[in-house]
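Peer 1: I'd like to ask you about the structure that follows.
The values are calculated or read from the model by the stated rules, or taken from the named source; none is laboratory data. As the structure is a computational prediction, the values presented were derived from the model and not from experiment. Ideal geometry is used to build each Cβ from the backbone, glycine not excepted, and the neighbour counts take in all protein chains shown.
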Amino acid sequence: MKAIIFDLDNTLFDHTGCAVRGLRSWLTELGITPTDELIAEWFVIEEDQFNRFLSGELTHQGQRRGRLRTFLPVLGRPVPSTDAELDEVFTGYLQQYQANWIAYPDARPALEVARGNGWRIGVLTNGSTKQQNAKLAAIGLADLIDVVCTSESLGVSKPAPEAYLRTCEALGVEPADVLMIGDNLELDVLGAQAAGLAARHLDRAIGMTLTQVVSGRQ
(Lines give C-alpha, C1' and ligand atoms only; values in the text may rest on other atoms or scores of the structure.)
Protein backbone atom coordinates (compact mmCIF):
# COMPACT_ATOMS: atom_id res chain seq x y z
CA MET A 1 0.00 0.00 0.00
CA LYS A 2 1.43 3.34 -1.07
CA ALA A 3 -1.51 5.73 -0.74
CA ILE A 4 -4.93 6.15 0.80
CA ILE A 5 -7.90 8.15 -0.47
CA PHE A 6 -10.65 9.40 1.79
CA ASP A 7 -14.11 10.61 0.98
CA LEU A 8 -14.83 13.95 2.69
CA ASP A 9 -18.50 14.51 3.58
CA ASN A 10 -19.68 12.14 6.32
CA THR A 11 -16.26 10.46 6.35
CA LEU A 12 -13.76 13.08 7.53
CA PHE A 13 -16.22 15.96 7.79
CA ASP A 14 -19.52 15.71 9.66
CA HIS A 15 -21.72 17.13 6.91
CA THR A 16 -25.01 15.77 8.21
CA GLY A 17 -24.43 16.98 11.76
CA CYS A 18 -23.27 20.40 10.57
CA ALA A 19 -26.23 20.74 8.23
CA VAL A 20 -28.76 19.76 10.89
CA ARG A 21 -27.36 22.23 13.40
CA GLY A 22 -27.11 24.96 10.78
CA LEU A 23 -30.61 24.31 9.50
CA ARG A 24 -32.11 24.42 12.99
CA SER A 25 -30.44 27.79 13.65
CA TRP A 26 -31.48 29.20 10.27
CA LEU A 27 -35.11 28.14 10.62
CA THR A 28 -35.23 29.59 14.10
CA GLU A 29 -33.92 32.91 12.71
CA LEU A 30 -36.77 32.81 10.19
CA GLY A 31 -39.26 32.35 13.03
CA ILE A 32 -40.00 28.74 12.06
CA THR A 33 -39.91 25.78 14.43
CA PRO A 34 -37.25 23.37 13.13
CA THR A 35 -39.16 20.09 13.27
CA ASP A 36 -37.67 16.71 12.42
CA GLU A 37 -40.06 16.54 9.45
CA LEU A 38 -38.76 19.80 7.99
CA ILE A 39 -35.16 18.72 8.45
CA ALA A 40 -35.84 15.38 6.77
CA GLU A 41 -37.51 17.16 3.85
CA TRP A 42 -34.49 19.47 3.48
CA PHE A 43 -32.16 16.49 3.06
CA VAL A 44 -34.43 14.88 0.46
CA ILE A 45 -34.40 18.11 -1.52
CA GLU A 46 -30.65 18.55 -1.02
CA GLU A 47 -29.90 15.10 -2.43
CA ASP A 48 -32.14 15.62 -5.46
CA GLN A 49 -30.68 19.02 -6.31
CA PHE A 50 -27.08 17.98 -5.65
CA ASN A 51 -27.45 14.99 -7.95
CA ARG A 52 -28.58 17.40 -10.66
CA PHE A 53 -25.37 19.34 -10.06
CA LEU A 54 -23.28 16.18 -10.36
CA SER A 55 -24.99 15.26 -13.62
CA GLY A 56 -24.12 18.69 -15.07
CA GLU A 57 -27.73 19.82 -15.21
CA LEU A 58 -27.14 22.58 -12.65
CA THR A 59 -24.19 24.65 -11.46
CA HIS A 60 -23.22 24.42 -7.80
CA GLN A 61 -24.95 27.73 -7.14
CA GLY A 62 -27.88 26.58 -9.27
CA GLN A 63 -28.50 23.57 -7.04
CA ARG A 64 -28.56 25.89 -4.03
CA ARG A 65 -31.24 28.00 -5.70
CA GLY A 66 -33.11 24.84 -6.63
CA ARG A 67 -33.16 23.78 -3.00
CA LEU A 68 -34.80 27.04 -1.98
CA ARG A 69 -37.33 26.98 -4.83
CA THR A 70 -38.51 23.63 -3.52
CA PHE A 71 -38.08 24.15 0.23
CA LEU A 72 -39.46 27.65 0.74
CA PRO A 73 -43.00 26.62 -0.31
CA VAL A 74 -42.78 23.80 2.25
CA LEU A 75 -42.19 26.52 4.84
CA GLY A 76 -45.10 28.56 3.51
CA ARG A 77 -42.69 31.27 2.37
CA PRO A 78 -42.72 32.99 -1.04
CA VAL A 79 -39.96 32.15 -3.52
CA PRO A 80 -37.90 35.21 -4.54
CA SER A 81 -38.21 36.08 -8.21
CA THR A 82 -34.51 36.71 -8.92
CA ASP A 83 -31.35 34.66 -8.53
CA ALA A 84 -29.76 37.45 -6.50
CA GLU A 85 -32.61 37.34 -3.99
CA LEU A 86 -32.42 33.55 -3.78
CA ASP A 87 -28.67 33.78 -3.17
CA GLU A 88 -29.25 36.27 -0.37
CA VAL A 89 -31.73 33.94 1.32
CA PHE A 90 -29.39 30.96 0.96
CA THR A 91 -26.58 32.96 2.54
CA GLY A 92 -28.58 32.90 5.79
CA TYR A 93 -28.46 29.10 5.84
CA LEU A 94 -24.89 28.93 4.54
CA GLN A 95 -23.56 31.12 7.33
CA GLN A 96 -25.14 28.87 9.94
CA TYR A 97 -23.88 25.73 8.18
CA GLN A 98 -20.33 27.09 8.02
CA ALA A 99 -20.45 28.18 11.67
CA ASN A 100 -20.98 24.53 12.59
CA TRP A 101 -18.24 22.98 10.42
CA ILE A 102 -16.42 20.28 12.33
CA ALA A 103 -14.35 17.17 11.67
CA TYR A 104 -15.24 13.84 13.20
CA PRO A 105 -13.10 13.26 16.33
CA ASP A 106 -11.47 10.24 14.67
CA ALA A 107 -10.56 12.04 11.45
CA ARG A 108 -7.21 13.54 12.38
CA PRO A 109 -6.02 10.45 14.28
CA ALA A 110 -6.85 8.33 11.22
CA LEU A 111 -4.92 10.69 8.93
CA GLU A 112 -1.98 10.58 11.33
CA VAL A 113 -2.00 6.77 11.24
CA ALA A 114 -1.91 6.91 7.45
CA ARG A 115 0.89 9.46 7.50
CA GLY A 116 2.81 7.35 10.02
CA ASN A 117 2.55 4.41 7.59
CA GLY A 118 4.30 6.52 4.98
CA TRP A 119 1.26 6.64 2.71
CA ARG A 120 0.40 9.49 0.39
CA ILE A 121 -3.01 10.90 1.36
CA GLY A 122 -5.73 12.06 -0.98
CA VAL A 123 -9.32 13.20 -0.74
CA LEU A 124 -11.84 12.43 -3.47
CA THR A 125 -15.15 14.19 -3.08
CA ASN A 126 -18.21 14.91 -5.18
CA GLY A 127 -18.54 18.64 -4.70
CA SER A 128 -17.35 22.18 -5.25
CA THR A 129 -13.57 22.66 -5.26
CA LYS A 130 -13.73 25.96 -3.38
CA GLN A 131 -16.09 24.75 -0.68
CA GLN A 132 -14.49 21.36 -0.12
CA ASN A 133 -11.03 22.87 0.27
CA ALA A 134 -12.47 25.48 2.61
CA LYS A 135 -13.94 22.72 4.76
CA LEU A 136 -10.59 20.94 5.05
CA ALA A 137 -8.87 24.16 6.05
CA ALA A 138 -11.56 25.14 8.55
CA ILE A 139 -11.59 21.76 10.31
CA GLY A 140 -7.81 21.61 10.55
CA LEU A 141 -7.05 18.68 8.27
CA ALA A 142 -5.59 20.35 5.18
CA ASP A 143 -2.00 20.05 6.44
CA LEU A 144 -2.18 16.25 6.40
CA ILE A 145 -3.55 15.88 2.87
CA ASP A 146 -1.40 15.76 -0.26
CA VAL A 147 -4.08 15.88 -2.97
CA VAL A 148 -7.70 17.03 -3.08
CA CYS A 149 -9.74 16.02 -6.12
CA THR A 150 -13.35 17.14 -6.56
CA SER A 151 -15.96 16.20 -9.11
CA GLU A 152 -15.89 19.86 -10.19
CA SER A 153 -12.13 19.89 -10.83
CA LEU A 154 -12.05 16.43 -12.43
CA GLY A 155 -15.09 16.90 -14.64
CA VAL A 156 -16.40 13.51 -13.50
CA SER A 157 -17.93 12.31 -10.25
CA LYS A 158 -17.89 9.09 -8.29
CA PRO A 159 -18.65 6.31 -9.22
CA ALA A 160 -17.17 6.99 -12.67
CA PRO A 161 -13.86 5.03 -12.87
CA GLU A 162 -12.05 8.13 -14.12
CA ALA A 163 -12.64 9.89 -10.81
CA TYR A 164 -10.64 7.31 -8.86
CA LEU A 165 -8.00 6.78 -11.56
CA ARG A 166 -7.27 10.50 -11.94
CA THR A 167 -6.95 10.84 -8.18
CA CYS A 168 -4.43 7.99 -8.14
CA GLU A 169 -2.56 9.69 -10.95
CA ALA A 170 -2.48 12.95 -8.99
CA LEU A 171 -1.04 11.03 -6.03
CA GLY A 172 1.59 9.44 -8.31
CA VAL A 173 0.60 5.87 -7.51
CA GLU A 174 -0.96 2.90 -9.28
CA PRO A 175 -4.59 2.04 -8.43
CA ALA A 176 -3.56 -1.40 -7.16
CA ASP A 177 -1.45 0.32 -4.49
CA VAL A 178 -4.28 2.51 -3.17
CA LEU A 179 -6.94 2.07 -0.49
CA MET A 180 -10.18 4.08 -0.70
CA ILE A 181 -12.29 4.69 2.43
CA GLY A 182 -15.73 6.27 2.64
CA ASP A 183 -19.20 6.11 4.12
CA ASN A 184 -21.07 5.49 0.87
CA LEU A 185 -20.96 1.82 -0.18
CA GLU A 186 -21.72 2.52 -3.84
CA LEU A 187 -19.56 5.59 -4.37
CA ASP A 188 -16.62 4.91 -2.07
CA VAL A 189 -16.34 1.13 -2.11
CA LEU A 190 -17.96 -0.53 -5.12
CA GLY A 191 -16.96 2.25 -7.51
CA ALA A 192 -13.38 2.26 -6.24
CA GLN A 193 -13.11 -1.51 -6.47
CA ALA A 194 -14.42 -1.45 -10.03
CA ALA A 195 -11.59 0.97 -10.87
CA GLY A 196 -8.97 -1.40 -9.43
CA LEU A 197 -8.47 0.09 -5.97
CA ALA A 198 -8.82 -1.66 -2.64
CA ALA A 199 -11.69 -0.19 -0.62
CA ARG A 200 -13.21 -0.30 2.84
CA HIS A 201 -16.62 0.86 3.99
CA LEU A 202 -16.92 3.21 6.98
CA ASP A 203 -20.22 2.42 8.70
CA ARG A 204 -20.55 4.74 11.67
CA ALA A 205 -24.08 3.43 12.35
CA ILE A 206 -22.60 0.26 13.84
CA GLY A 207 -20.00 2.08 15.90
CA MET A 208 -17.14 1.74 13.45
CA THR A 209 -14.42 4.38 13.69
CA LEU A 210 -12.26 5.75 10.91
CA THR A 211 -9.10 4.85 12.79
CA GLN A 212 -10.23 1.22 12.96
CA VAL A 213 -10.89 1.16 9.22
CA VAL A 214 -7.51 2.72 8.37
CA SER A 215 -5.79 0.23 10.66
CA GLY A 216 -7.70 -2.69 9.15
CA ARG A 217 -9.53 -3.47 12.39
CA GLN A 218 -13.11 -2.86 11.22
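Peer 1: If you scan the range 109-137, which residues turn out to be within 30 Å of I39 (Cα to Cα), crowded, with 19+ Cβ neighbours inside 10 Å and not small (G, A, S)?
Peer 2: The answer is V123, L124, T125, N126, Q132, N133, K135, L136.
Peer 1: May I ask you to verify whether R166 is crowded, with 16+ Cβ neighbours inside 10 Å, under 23 Å from L210 (Cβ atoms) and touching a strand residue (DSSP E or B) at 6+ places or on another chain (Cβ under 9 Å)?
Peer 2: On the way: crowded, with 16+ Cβ neighbours inside 10 Å: yes; under 23 Å from L210 (Cβ atoms): no; touching a strand residue (DSSP E or B) at 6+ places or on another chain (Cβ under 9 Å): yes.
No; evaluated as a whole, the condition is false for this residue.
Peer 1: Could you tell me how many of the residues in the range 138-155 are surrounded by fewer than 19 Cβ atoms within 10 Å (Cβ to Cβ) and either over 21 Å from R108 (Cβ atoms) or modelled with pLDDT under 95 (or both)?
Peer 2: 2
Peer 1: Restricting to the range 96-118, give me the number of residues that are out of contact with any Gly (no Cβ under 8 Å at 6 or more places or on another chain) and of a type outside the set (K, R).
Peer 2: Kept after step one, since they are out of contact with any Gly (no Cβ under 8 Å at 6 or more places or on another chain), are these residues of the range 96-118: 101, 104-107, 109-118.
Now restrict to residues that are of a type outside the set (K, R): 101, 104-107, 109-114, 116-118.
Adding up the residues that qualify gives 14.
Peer 1: Could you tell me whether any residue of the range 2-16 is part of a loop (DSSP other than H, G, I, E, B), over 30 Å from V123 (Cβ atoms), in contact with a Lys or Arg (Cβ under 8 Å, 6 or more places away or on another chain) and not β-branched (V, I, T)?
Peer 2: Let us first name the residues in the range 2-16 that are part of a loop (DSSP other than H, G, I, E, B), namely 2, 7-8, 10-12, 14.
Filter once more, keeping what is over 30 Å from V123 (Cβ atoms): none.
No: the range 2-16 contains no residue that is part of a loop (DSSP other than H, G, I, E, B), over 30 Å from V123 (Cβ atoms), in contact with a Lys or Arg (Cβ under 8 Å, 6 or more places away or on another chain) and not β-branched (V, I, T).
Peer 1: Can you list the helices (runs of 4 or more DSSP H) lying wholly within the range 107-218 that have 2 or more residues being in contact (Cβ under 8 Å) with a residue 60 or more places away in the chain? First the steps, then the outcome.
Peer 2: On the way: elements: 107-116, 129-138, 151-154, 161-171, 191-194, 210-215.
Once the helices (runs of 4 or more DSSP H) in the range 107-218 are filtered for at least 2 residues that are in contact (Cβ under 8 Å) with a residue 60 or more places away in the chain, what remains is 107-116, 129-138, 151-154, 161-171, 210-215.
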